[in-house]
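The values are calculated or read from the model by the stated rules, or taken from the named source; none is laboratory data. Since this is a predicted model, take the numbers as computed values, not measurements. Cβ atoms come from the backbone with ideal geometry, glycine included; neighbour counts cover every protein chain shown. The area values use the complete protein model at the heavy-atom level, side chains included, leaving out ligands, DNA and RNA. Shrake-Rupley method; radii C 1.70, N 1.55, O 1.52, S 1.80 Å.
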Amino acid sequence: MREKPRMATAALLAAGFVFLVNGGAATGQTPTMTAAKTPVHAKIVKRLLIRNAMVIYGNAEPAFGPTSVCIEDGKIARVGGAPRGWTPDAEIDATGKYVMPGIINGHIHLQDERGGIPQPFQYEMNLYLAAGATTIRDVGASWEKAKEWRAKSADHSLVAPRILLYERTWASRGSHTAALVREGVRFAKEQGVDGLKLSGMDRDLAEALMDEAKKQGLRTAVHIAVDETTAKDWAELGVTSIEHFYGVADAALDGIQNFPPEHNASNEIHRFGRAGELYIQPNLNRQKLSAVLDLMVKNNVFWCPTLSIYVASRDVIRAQNQPWFKDYLHPTLEQYFRPDMRNHGSYFLGWTNTQEVRWKKNYQVWMDALKEFGVKGGNITVGDDAGFIYSIYGFGQVHEMELLEEAGFHPLEVIKMATVNGAKMIGMEDRLGRVRQGFIADLLVVNGNPLENLRLLNPYGTDVVAYDGKVVDNYGPLVPGDPKVKVVRGGGIEWTIKDGIPYHVPTLMKEVKAMVEEGRAKRATK
Ligand SMILES: [Zn+2]
């Protein structure tokens, strides 16, 4: 079961109280009694009705409702009242809840081990579904395993989001000549990848690769390194998406980053320490930066910044003490997060305040660049890159959205990035990312209004304020000392629906907790 504060909220809801979010926008209808049953977790249902929901469409238009969403055979059959004679097999009462499109997480890694220690694959899949990810784009995993997971997710024999694989299989036979690179791209296509994951390359090789990728109709995601090619090169060559933040500022420097002579790119402390100085280099030329962003917009390059994966660098004490670690941090991941120069991203050995301060400033300039890119019409997407640097799968995703709000975007825009923009990046915008009739029924039923607080999307839930048992706006007329004012755990997603199949988030999280407990018990007996 869930912990006590959550129980309290659940009990309030069961007693007929509703979330009074945004002044009670969701309370316009009296619930009608019907015979249809609550859906069964992870079980295919032919006709599913979501009743009395506020709807966030996905394209940054304001929410509307309350209304119904009818789902049939995995598709959205109708948004609005159920057609006459259409009887649902199961029904979700969404009174006081918000329905939005499922999230497309554009940057994840499928993992069933960390640092060679096994970790249940289901742990990661449950967490992503619980955080509302209905589609995940893997950008680097073990190919043989990953293609099996993708197939099982597609035929619903695995409880998991829809999986897309952008892999590095193209480089498996060498990547140091143009001919090898082209051969590798054709090989990857035959193997059945959904796209290519690229990292820093010399310009001539990048040209060959991008040319062949276009011929083969493959999308591309590049993690630019400190490298000969920058975001300018990749935008010129028509890459689909730029991951992280590297390469963008590099294209805007008058010269290169001022690395000290002892800098060693194979040393994780050097690498991540100096990465936090990239956007604050004195030779960063703002006009050049704007020009690079313009080029990215012009050539329709998506930017998946993965802001959340680096935040530990600006506040490591916060990162090490996230409240959901208590019940939901698997011991394998816990071990991997410990400072150790051998583990990618575990670079917090003697991390200093000065390093954090530089990272904080780095974030400010980086976020300004993101804001400029977005305002100019650039497509930003949401990806969490979790499994590294104190970021747990899915928890990183909601944090990513919180940080995009910090970068200056309205929550409606942030949700668009997580849905409509994500769908465009993977070429599925004709069937994913909107609460639209005929689209795939990938939907979230959220406890409360995520536009009021994106943190409601956290699988752990979040603190909300209740007055006399009803959740209220904390800017409401609350009086200090009033005993009717209480802090309770609220929020969370109640149902994540993928391909029309409802997944009950509290059940997913209960399973996650059990996996963590089992892992800890095993470790204790060793
Ligand atoms: Zn990554």
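Of the residues VAL185, VAL181, VAL193, which is under 27 Å from the mean Cα position of the chain (by Cα) and β-branched (Val, Ile, Thr)? Give the derivation first.
Numbers: VAL185 fails: under 27 Å from the mean Cα position of the chain (by Cα); VAL181 fails: under 27 Å from the mean Cα position of the chain (by Cα).
Result of the check over VAL185, VAL181, VAL193: VAL193.
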For this session: Take PHE409 and decide whether it is within 16 Å of the ligand (Cβ to nearest atom), surrounded by fewer than 23 Cβ atoms within 10 Å (Cβ to Cβ) and of a type outside the set (D, E, K, R).
Result: no
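Go through the residues of region 270-279 one by one and say whether even a single one is small (Gly, Ala, Ser), open to solvent by 30 Å² or more (accessible area, probe 1.4 Å) and farther than 21 Å from TRP170 by Cβ.
Checking region 270-279: not a single residue is small (Gly, Ala, Ser), open to solvent by 30 Å² or more (accessible area, probe 1.4 Å) and farther than 21 Å from TRP170 by Cβ.
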For this session: Report, by residue number, each residue of region 149-180 that is within 16 Å of the ligand (Cβ to nearest atom), touching a strand residue (DSSP E or B) at 6+ places or on another chain (Cβ under 6 Å) and either of a type in the set (D, E, K, R) or in a helix (DSSP H, G or I) (or both).
Result: GLU167, ARG168
Problem set entry | Among (1) within 16 Å of the chain's Cα centre (by Cα); (2) assigned to a helix (DSSP H, G or I); (3) more than 16 Å from the ligand (Cβ to nearest atom); (4) within 30 Å of LEU196 (Cα to Cα) - the single one MET367 does not satisfy | (1)
Exercise. Consider ASN283 against the criteria (1) in contact with a Leu (Cβ under 6 Å, 6 or more places away or on another chain); (2) within 16 Å of the ligand (Cβ to nearest atom); (3) of a type in the set (S, T, N, Q): it satisfies all of them except one. Which criterion is unmet?
Worked result: (2)
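So, ALA146, is that one within 25 Å of GLU517 (Cα to Cα) and either outside any helix (DSSP H, G or I) or open to solvent by less than 10 Å² (accessible area, probe 1.4 Å) (or both) or not?
On the way: within 25 Å of GLU517 (Cα to Cα): no; either outside any helix (DSSP H, G or I) or open to solvent by less than 10 Å² (accessible area, probe 1.4 Å) (or both): yes.
When the stated conditions are applied, ALA146 does not pass them.
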Seminar exercise, completed: Those residues of region 323-345 which are over 15 Å from ILE117 (Cα atoms), at pLDDT below 95 and under 21 Å from the mean Cα position of the chain (by Cα) amount to GLY345
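State the number of residues belonging to region 510-526 that are closer than 28 Å to LYS97 by Cβ and out of contact with any Leu (no Cβ under 8 Å at 6 or more places or on another chain). It would help to see each step written out before you state the result.
Taking region 510-526 and keeping what is closer than 28 Å to LYS97 by Cβ, we get 510-516.
Then keep just the ones that are out of contact with any Leu (no Cβ under 8 Å at 6 or more places or on another chain); that gives 510-511, 513-515.
Here the count works out to 5.
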Problem set entry | Residue, nearest to LEU457 (Cα to Cα), within region 370-399, restricted to residues that are outside any loop (DSSP other than H, G, I, E, B) and in contact with a Gly (Cβ under 7 Å, 6 or more places away or on another chain) | ILE380
Exercise. Checking GLU183 against (1) at positive phi; (2) open to solvent by 60 Å² or more (accessible area, probe 1.4 Å), which test does it fail?
Worked result: (1)
For this session: Please tell me if PHE337 is open to solvent by 10 Å² or more (accessible area, probe 1.4 Å), hydrophobic (A, V, I, L, M, F, W, C) and within 15 Å of TYR310 (Cα to Cα).
Result: no
Problem set entry | Contacts under 6 angstrom Cβ, first residue in region 126-153 being hydroxyl-bearing (Ser, Thr, Tyr), partner within 16 Å of the ligand (Cβ to nearest atom), 6 or more apart | TYR128/ILE136; TYR128/TYR393; TYR128/GLY394; THR135/ILE104; SER153/ILE163
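Go through region 203-244 and report how many residues are among the polar types (S, T, N, Q) and within 16 Å of the ligand (Cβ to nearest atom).
Kept after step one, since they are among the polar types (S, T, N, Q), are these residues of region 203-244: 216, 220, 229-230, 240-241.
When the remaining residues are screened for being within 16 Å of the ligand (Cβ to nearest atom), the result is 220, 240-241.
Qualifying residue count for the region: 3.
Look through GLY96, GLY106 and report the one residue that is touching a residue at least 60 places away in the same chain (Cβ under 8 Å), in contact with a helix residue (DSSP H, G or I) (Cβ under 8 Å, 6 or more places away or on another chain) and within 21 Å of ILE309 (Cα to Cα).
Details: GLY96 fails: within 21 Å of ILE309 (Cα to Cα).
Testing whether each residue is touching a residue at least 60 places away in the same chain (Cβ under 8 Å), in contact with a helix residue (DSSP H, G or I) (Cβ under 8 Å, 6 or more places away or on another chain) and within 21 Å of ILE309 (Cα to Cα) leaves just GLY106.
Taking strands (runs of 3 or more DSSP E) that do not extend beyond region 454-526, which have at least 1 residues that are under 30 Å from CYS70 (Cα atoms), without any contact (Cβ under 8 Å) to a residue 40 or more places away in the chain and open to solvent by less than 40 Å² (accessible area, probe 1.4 Å)?
Values: elements: 462-467, 470-472, 485-490, 493-498, 501-504.
The strands (runs of 3 or more DSSP E) meeting that bar are 462-467.
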Seminar exercise, completed: Checked pairs for region 371-383, first without any contact (Cβ under 8 Å) to a residue 60 or more places away in the chain, second open to solvent by 50 Å² or more (accessible area, probe 1.4 Å) and more than 16 Å from the ligand (Cβ to nearest atom), C-beta under 9 Å and 6 or more apart or across chains, list as GLY374/GLU413
For this session: All but one of (1) modelled with pLDDT of 95 or more; (2) away from the ligand (no atom under 16 Å from the Cβ); (3) open to solvent by 10 Å² or more (accessible area, probe 1.4 Å) hold for LEU129, so report the exception by its number.
Result: (3)
